[in-house]
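Shown next, in structure tokens, is the structure this report addresses.
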Amino acid sequence: MPDPDVIVVGAGAGGLAAAWRLTTQGARVVLLEGGRAYTPSKDYPQSADHYERLAFPYDPEFDRAGRPRYGYGEAQVLPAALDAYRSHDAAHGRLVPGRARRYAQYSHVRGVGGTTLHFQGESHRYHPDALRMRSALGVGVDWPLGFAELERYYDVAEAQLGVAAPASIPERPRSAQPLPAHTLGYASQVLAPAFRSVGTTLVPNSLAVLSVPRAGRPACNYCNSCTQGCPLGDKGSADVAFLPAALATGRLEVRANAQVLLIERGPQGRASGVIYVDAKGAEQVARAEVVLLACGAIETPRLLLNSGGLANGSGQVGRHLTETLLWTSVGLLEERVDAHRGLPIDGSAWTFAIPERRPEGYVGGFRLATSHGMAGLRGPAFYAEFLAPGFGLEHQRRVAEIVGRGVAVSAIGEWLPNSGTYVDLDPSRKDVFGRPVARIHSRLEANELTCLKHMADTVRAILAAAKAEIVSEVTTLDQFMATHVLGTCRLGEDPATSVADPDGFSHEVPNLGFADGSAVPSSGSGDSPSLTISALAIRTADKALARAARGPR
Ligand SMILES: Cc1cc2nc3c(=O)[nH]c(=O)nc-3n(C[C@H](O)[C@H](O)[C@H](O)COP(=O)(O)OP(=O)(O)OC[C@H]3O[C@@H](n4cnc5c(N)ncnc54)[C@H](O)[C@@H]3O)c2cc1C
Ligand code: SF4
């Protein structure tokens, strides 16, 4: 293949969406992905007897030489006043001893499909006010584009993903009609009145999971395995939703197991291409007119910093990392509801998911969800390992008594950017290629601590209304376990406070664009971010095409 028009680095929610848009609009693309290509029927068939014990077949924490892929900053010391809000379960007691917050893990997937290979398909539109946090509420940052423009790209991304959702959610206005919503599972139906008791309404979640067959993909069979890997192809992971159509154009070449080490600088401050290690371990160069980075919000800044601080003239690369706050309580109902039947996160309640200045003393918002499968309630092993203390006959008796009675309710909340939450290079750790790994720093400010408390109190009130006995609670209060990472090369008008211009291209390197979570300036108020990441990546692809039509700057 002659030099492509565009190199995309990273094949996740953003990278594959951008590659799809570019190739279907006529551009030639080489996509370099550091992880492997998976075969669902072989790699995660979900048919083993011990399906419940099988995680997605990857290990993101270590590289192939067994070295940690990430370093972590200082652990935050938590106030004693929040001791009643720490992670615990019936089998182990408190999960994080002492007062310091623990860096548990940065959860993601390396591979063709990226982290969407084990996402749960949640597909959420941000509230319009989430794009103007600074002007509306005096915190965070305003996006350099308006909601109407983002919405057009939500429509494009949703159509390709196949999103099943309620036709109308007042707190999340939408223009395009979705696919029919999935029905709430039985356990969630039982919980619905308890949601009403805290002033909200449980509705089916908005999911990139087909409720009807579509475009050669079947409808969901409700096997509850989304985070372990969907064997059917009804879940709109990026490899299913974007890749086949992009390959069908004949203009996309995917190189898996191709780890990009450096961005190569060309004349006039431009990027000329990238240097990568191919599947056989040989160093290669790939060149193109445009380079789009889509390695995710941790690895994209790392790549720039490892490329001599490219695009970092104002020191913004890696700053403004946001996560989302998480609180999950598991309770035992008086009767058996078998919550393993159905989707892992089947319901959402949006009343508190509007960015606002709350009477509880924080700015932000959070979404509530029925999250039985996400919490681990997929079969008896989870009850035995986490929800029943002790061992021997007494343990067996307790497991038999409680199995099938568990339900989980989560709250997912906004995380405003702060100066203590960011990514830099670890001075003491290198990867298998001799490059410094990313070091993640995470700090909860008073605003987030107050929000987490409100989230926890609301979830506990719901379970109390359902007469559930709480047996496990897990929270980002005392554990960093980020699944939603955003903002480290955020879009903005001002080069002093952002890395990317309003089009999604570096302020400093005009042919270097961003097509992943790193570009997203805010975390929404309880939304899962992949729809927003894909929508923005498609927009950046459109901007690249428009720039190419105008000629190089
Ligand atoms: C358990 C779990 C459940 C989740 N559930 C949801 C959900 O239901 N809904 C939702 O919206 N979000 C969910 N998320 C989050 C969502 O999956 C991510 O936000 C999203 O996939 C991020 O997209 P991205 O394009 O930024 O990065 P990714 O999807 O992570 O893709 C980045 C890709 O770049 C590759 N890469 C990195 N560095 C290099 C390099 N140097 N060279 C080559 N390749 C490289 C990586 O291997 C990876 O494949 C979940 C996440 C987890 C962990
Ligand atoms: S529940 Fe549906 S989307 Fe999830 S893994 Fe099973 S078939 Fe796939």
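The values are calculated or read from the model by the stated rules, or taken from the named source; none is laboratory data. Worth saying up front: this structure is predicted, and the values here are computed from it rather than measured. Because the Cβ atoms are built from the backbone with ideal geometry, glycine has one as well, and the counts that use them run over all protein chains shown.
Kindly provide the set of residues from segment 89-135 that are away from ligand 1 (no atom under 16 Å from the Cβ) and among the basic types (Lys, Arg), ordered by number.
Narrowing segment 89-135 to residues away from ligand 1 (no atom under 16 Å from the Cβ): 89-102, 128-129, 131-135.
Result: 94, 99, 101, 102, 132, 134.
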Any residue at all in segment 170-178 that is more than 16 Å from ligand 2 (Cβ to nearest atom), without any contact (Cβ under 8 Å) to a residue 12 or more places away in the chain, in a loop (DSSP other than H, G, I, E, B) and surrounded by fewer than 24 Cβ atoms within 10 Å (Cβ to Cβ)?
yes
Does segment 31-69 hold any residues that are closer than 21 Å to residue 280 by Cβ and touching a helix residue (DSSP H, G or I) at 6+ places or on another chain (Cβ under 7 Å), and which are they?
31, 38
Any residue that is among the basic types (Lys, Arg), under 23 Å from the mean Cα position of the chain (by Cα) and either more than 18 Å from residue 370 (Cα to Cα) or at pLDDT below 95 (or both) - is there at least one of those in segment 148-159?
yes
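Name the residues in segment 79-113 that are part of a loop (DSSP other than H, G, I, E, B), of a type in the set (Gly, Ala, Ser) and within 27 Å of residue 303 (Cβ to Cβ), would you? Lay out the reasoning, then the answer.
To start, the set of residues in segment 79-113 that are part of a loop (DSSP other than H, G, I, E, B) comprises 79, 86-87, 90-92, 95-99, 101, 104-110, 112-113.
The next check asks that each one be of a type in the set (Gly, Ala, Ser); those that pass are 87, 90-91, 98, 104, 107, 113.
Once the filter is applied, which keeps residues that are part of a loop (DSSP other than H, G, I, E, B), of a type in the set (Gly, Ala, Ser) and within 27 Å of residue 303 (Cβ to Cβ), segment 79-113 yields 104, 107, 113.
Let's see how each residue does on (1) in contact with a Phe, Trp or Tyr (Cβ under 9 Å, 6 or more places away or on another chain); (2) buried (at least 18 other Cβ atoms within 10 Å of the Cβ):
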{"site": "103", "(1), (2)": "yes, yes"}
{"site": "122", "(1), (2)": "no, yes"}
{"site": "138", "(1), (2)": "no, no"}
{"site": "150", "(1), (2)": "yes, yes"}
{"site": "155", "(1), (2)": "no, no"}
{"site": "158", "(1), (2)": "no, yes"}
Members of segment 381-400 that are surrounded by 17 or more Cβ atoms within 10 Å (Cβ to Cβ) and touching a residue at least 60 places away in the same chain (Cβ under 8 Å)
382, 386, 387, 388
All positions within segment 186-227 that are farther than 28 Å from residue 335 by Cβ and crowded, with 24+ Cβ neighbours inside 10 Å:
206, 208, 210
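Could you tell me whether any residue of segment 101-112 is hydroxyl-bearing (Ser, Thr, Tyr), more than 16 Å from ligand 2 (Cβ to nearest atom) and at pLDDT below 95? Quick ask: steps written out before the conclusion?
Pass one, segment 101-112, residues hydroxyl-bearing (Ser, Thr, Tyr): 103, 106-107.
Of the ones still in play, those that are also more than 16 Å from ligand 2 (Cβ to nearest atom) are 103, 106-107.
After this cut, where a residue has to be at pLDDT below 95 as well, the list is 106-107.
Checking segment 101-112: at least one residue is hydroxyl-bearing (Ser, Thr, Tyr), more than 16 Å from ligand 2 (Cβ to nearest atom) and at pLDDT below 95.
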With the requirement that a residue be within 16 Å of ligand 1 (Cβ to nearest atom) and at positive phi, what does segment 223-246 give you?
224, 229
